[in-house]
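K.L.:
Take a look at this one; I'll ask things after.
The values are calculated or read from the model by the stated rules, or taken from the named source; none is laboratory data. Keep in mind that what you see is a predicted model, and the values were worked out from it rather than measured. All Cβ positions, even for glycine, are placed from backbone atoms using ideal geometry, and neighbour counts span all protein chains on display.
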Amino acid sequence: MTLKARIRAIDRFVKGCREDGIYDDLNACCVMAGWDSLAGALTPLKGAAPTNSGFIATDYDRGGIGITGDGTSYLNSGRAVNADAQNDAHLSVFIAAGRAAAAVRHAGVTDSSASSFMLYDDTSFTGGYVNTNTITDVSNRAGINFFGAARVSASQQTVRVDGVEVTATNNSLSASTLNSYIFCRNLNGTASTFSDATLSFYSLGSATDLALLDARVSTLMADLRAIEETGFDRDALAYIRAVEAADGAYLETDVKIAINSLVSGLKADSLWDAIGSSCLLCGPRTLTGALVPLRGAVPTAYSFSSGDYSRTAGLTGAGAGTYLYLSGVHPDGPAQNSAHQALYITSQTASASYKTHIREYDGPEAGEGSTQISQSATSAYIRCRSLGDAAVSESPQTGLTAINRSNSSSFEFRRGGTSSTLNVASTGITDNNAFIYRFSSVYSDITLAFYSLGTSLDLAKLDSHISSYVTAIGAAI
């Protein structure tokens, strides 16, 4: 079924390009996604097969993602720039995840004895050269999704990036005899300025309508990603799409599978509806993506930087002024005797100082209870709709740390894969908003891969699902 679906996607692409009158412009082309292996991804749709210099199987992700540049590997397209007419040429790529390096060349040639033919992307501008030494800049677009350039006449070239197209007047120069490289430029016969982006398509050929090609390639990639997502839970898909939009890149197939398995498992064990507010603080490509809520409120991040975030470990509290604020989310509401808080800790300091990992910003009013998870070097201090800390003699631990109240007389504490019952009565609730990594002027420096607040649920089952998710992310990235 999957193979047939891929065949249909490619057939739709080819027929669509023929209908648009652009298929004959693709003289060398690879669809570098959707196939079961790297060898399949490097089988040309049209033209010569590229020569692979350094890419290995693990650089490839079939699910509409493609091949990820590693800073040294590249493809020789096997097609010389002058194989297409000086004033009738194009080059394009589809970027599934953008560059991290400051300046890269996704494809092309720089030839000191002729003109440049290249897709250029750096922190100051993004653009292209098609048989000229004058770049057409597209206002430093992100370079995500389709990126192409075309020479449409002796005096004009167009560049299209991320749905924005610019036409510039500049005269063409002689076309290079060198072959175009992919994932770098061919600088006078030497691979140079490598791309660390993830590319899922490239094409070289005669001048073409870039908007039409953009639409067809984008549809093809969406089709190939959808094939890998067949049967996914709709809430998992909605979350994946939101994270990808925040990241500005597509998630790897195994990361998407881990997310879907988590959401499906939470639903199967009747945990999903009890999660009021939650973030997966590992898995997304960026800190911005990690702060997309799995459920509930969007946290406001104070003073975190990208260096505080790890895709596999999570988000680390960086000291004073660094915390998450959940506006409208009350650690102690809405039900006095139905509540949980959960943190998945991947790194825990052994500091002797008392640190509160999650609680309302200020203490409760007189007679109100509060809910918190705190830690010193020797004990965990916890509350759940109650007054005063319940101390559990334990040094800091990693894994799920959580509390759950389902009645008025006691609450559950889970840590290290074991649950215990504390016979502490509930005393009320407060309407103060939740803070993570902070209580008043005290800040926590733990690393979290997950947090959740909501109504009562089964902590052992939650522990199993979140632990499996964190393990799956570690294996996927």
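K.L.:
Can you tell me which residues in the stretch 259-284 are out of contact with any strand residue (DSSP E or B) (no Cβ under 9 Å at 6 or more places or on another chain) and part of a helix (DSSP H, G or I)?
P.N.:
Asn260, Ser261, Ser264, Gly265, Lys267, Ala268
K.L.:
If you don't mind, another one. From the list Ser176, Ser124, Ser139, Ser180, which one is touching a strand residue (DSSP E or B) at 6+ places or on another chain (Cβ under 6 Å), in a loop (DSSP other than H, G, I, E, B) and over 21 Å from Leu212 (Cα atoms)? Break it down into steps so the answer makes sense when it comes.
P.N.:
Numbers: Ser124 fails: touching a strand residue (DSSP E or B) at 6+ places or on another chain (Cβ under 6 Å); Ser139 fails: touching a strand residue (DSSP E or B) at 6+ places or on another chain (Cβ under 6 Å); Ser180 fails: in a loop (DSSP other than H, G, I, E, B).
None of the other options fit; the residue is Ser176.
K.L.:
Looking at (1) under 22 Å from Thr126 (Cα atoms); (2) assigned to a helix (DSSP H, G or I); (3) not β-branched (Val, Ile, Thr), which is the one condition that is false for Gly71?
P.N.:
Against the list (1) under 22 Å from Thr126 (Cα atoms); (2) assigned to a helix (DSSP H, G or I); (3) not β-branched (Val, Ile, Thr), Gly71 comes up short only on (2).
K.L.:
Let me ask something else. Name the one entry in Ala402, Ala476, Ala425, Ala434 that is more than 30 Å from Glu252 (Cα to Cα), among the small types (Gly, Ala, Ser) and crowded, with 17+ Cβ neighbours inside 10 Å.
P.N.:
Values: Ala402 fails: more than 30 Å from Glu252 (Cα to Cα); Ala476 fails: more than 30 Å from Glu252 (Cα to Cα); Ala425 fails: crowded, with 17+ Cβ neighbours inside 10 Å.
The unique qualifying residue is Ala434.
K.L.:
Does Ser53 fit the bill of being under 16 Å from Cys30 (Cα atoms), surrounded by fewer than 22 Cβ atoms within 10 Å (Cβ to Cβ) and in contact (Cβ under 8 Å) with a residue 12 or more places away in the chain? Full working, then the answer.
P.N.:
Working: under 16 Å from Cys30 (Cα atoms): yes; surrounded by fewer than 22 Cβ atoms within 10 Å (Cβ to Cβ): yes; in contact (Cβ under 8 Å) with a residue 12 or more places away in the chain: yes.
Yes: the conditions hold for Ser53.
K.L.:
For residues that are out of contact with any strand residue (DSSP E or B) (no Cβ under 6 Å at 6 or more places or on another chain) and in a loop (DSSP other than H, G, I, E, B), scanning just the stretch 437-454, find the one that is surrounded by the fewest Cβ atoms within 10 Å (Cβ to Cβ).
P.N.:
Per the stated criteria, the residue is Ser441.
Here is a yes/no grid of residues against (1) of a type in the set (D, E, K, R); (2) touching a residue at least 40 places away in the same chain (Cβ under 8 Å); (3) crowded, with 20+ Cβ neighbours inside 10 Å:
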residue	(1), (2), (3)
Ala258	no, yes, yes
Leu291	no, yes, yes
Ala297	no, no, no
Tyr302	no, no, no
Ala320	no, yes, no
Tyr323	no, yes, yes
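K.L.:
Taking Arg216 as the residue in question, decide whether it is in the same structural domain as His90 (by TED's automatic domain parsing) and either without any contact (Cβ under 8 Å) to a residue 12 or more places away in the chain or more than 14 Å from the chain's Cα centre (by Cα) (or both).
P.N.:
Values: in the same structural domain as His90 (by TED's automatic domain parsing): yes; either without any contact (Cβ under 8 Å) to a residue 12 or more places away in the chain or more than 14 Å from the chain's Cα centre (by Cα) (or both): yes.
Considered against the rule, which asks whether it is in the same structural domain as His90 (by TED's automatic domain parsing) and either without any contact (Cβ under 8 Å) to a residue 12 or more places away in the chain or more than 14 Å from the chain's Cα centre (by Cα) (or both), Arg216 comes out as yes.
K.L.:
On to the next question. When the stretch 426-477 is examined, which residues are found to be among the hydroxyl-bearing types (Ser, Thr, Tyr) and closer than 25 Å to Ala313 by Cβ?
P.N.:
Listed by number, the residues that qualify are Tyr437, Tyr443, Ser444, Thr447, Tyr451, Ser452, Ser464, Ser467, Ser468, Tyr469, Thr471.
Each row is one residue, and each column tells you yes or no for (1) assigned by TED's automatic domain parsing to the domain that holds Val130; (2) touching a residue at least 40 places away in the same chain (Cβ under 8 Å); (3) part of a strand (DSSP E or B).
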position: Ile10; (1), (2), (3): yes, yes, no
position: Arg18; (1), (2), (3): yes, no, no
position: Trp35; (1), (2), (3): yes, no, no
position: Ala96; (1), (2), (3): yes, yes, yes
position: Val104; (1), (2), (3): yes, yes, yes
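K.L.:
List the number of the failed condition for Tyr129; all other conditions in (1) of a type in the set (Ser, Thr, Tyr); (2) buried (at least 22 other Cβ atoms within 10 Å of the Cβ); (3) in contact with a Leu (Cβ under 8 Å, 6 or more places away or on another chain) hold.
P.N.:
Going through (1) of a type in the set (Ser, Thr, Tyr); (2) buried (at least 22 other Cβ atoms within 10 Å of the Cβ); (3) in contact with a Leu (Cβ under 8 Å, 6 or more places away or on another chain) one by one, Tyr129 breaks only (3).
K.L.:
Now for a different question. Limited to the stretch 369-410, what total is found for residues that are in contact with a Cys (Cβ under 7 Å, 6 or more places away or on another chain) and of a type in the set (A, V, I, L, M, F, W, C)? So that I can check it myself, show each step before the final result.
P.N.:
Narrowing the stretch 369-410 to residues in contact with a Cys (Cβ under 7 Å, 6 or more places away or on another chain): 371, 403, 405.
Subsequent filtering for residues that are of a type in the set (A, V, I, L, M, F, W, C) retains 403.
Total satisfying the criteria: 1.
K.L.:
So for the stretch 228-247 (the condition being among the aliphatic types (A, V, I, L, M), within 30 Å of Asn87 (Cα to Cα) and crowded, with 20+ Cβ neighbours inside 10 Å), does at least one residue qualify? Please lay out each step first, then the result.
P.N.:
Narrowing the stretch 228-247 to residues among the aliphatic types (A, V, I, L, M): 236-238, 240, 242-243, 245-246.
Filter once more, keeping what is within 30 Å of Asn87 (Cα to Cα): none.
No, that holds for no residue.
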